[in-house]
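The values are calculated or read from the model by the stated rules, or taken from the named source; none is laboratory data. What you see is a predicted model, and the numbers here were worked out from it, not measured in a lab. Cβ sites come from the backbone with ideal geometry, for glycine too, and all protein chains shown count toward neighbours.
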């Protein structure tokens, strides 16, 4: 990853609002991402959710999550590279790297870029 790409994938500010169910990241390049926490849970990158070593994880496109599974109780920063959500059901093994979060940005500009 080049230095400009690395810098683009680093947040300047992170705001978590569990009551409204939102995570806001202001990126160093001026872009802002607003994520619904419930929409992040299906993208949990951990081995249990998405599998590893050729084994399929528990999360599929048709997986329906309960309110407990999508309610955030804590959000921890992991070094200078990721966020670790702790969900009300106790699940806490997914490290959402800043690079992954930037790739998941739900804004229309990023959505159009992904479609190209």
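Determine whether residue 82 is surrounded by 15 or more Cβ atoms within 10 Å (Cβ to Cβ), farther than 19 Å from residue 47 by Cβ, touching a strand residue (DSSP E or B) at 6+ places or on another chain (Cβ under 6 Å) and without any contact (Cβ under 8 Å) to a residue 40 or more places away in the chain. The answer is no for residue 82. Only strands (runs of 3 or more DSSP E) whose full extent lies in the stretch 2-85 are considered here, and none of them has at least 3 residues that are touching a helix residue (DSSP H, G or I) at 6+ places or on another chain (Cβ under 7 Å), at pLDDT 95 or above and farther than 14 Å from residue 97 by Cβ. For the stretch 68-79, filtered to residues that are more than 20 Å from residue 105 (Cα to Cα) and in contact (Cβ under 8 Å) with a residue 12 or more places away in the chain, the residue that is surrounded by the most Cβ atoms within 10 Å (Cβ to Cβ) is 69. Among the residues of the stretch 106-114, some residue qualifies, meaning at least one is closer than 20 Å to residue 14 by Cβ and under 11 Å from the mean Cα position of the chain (by Cα).
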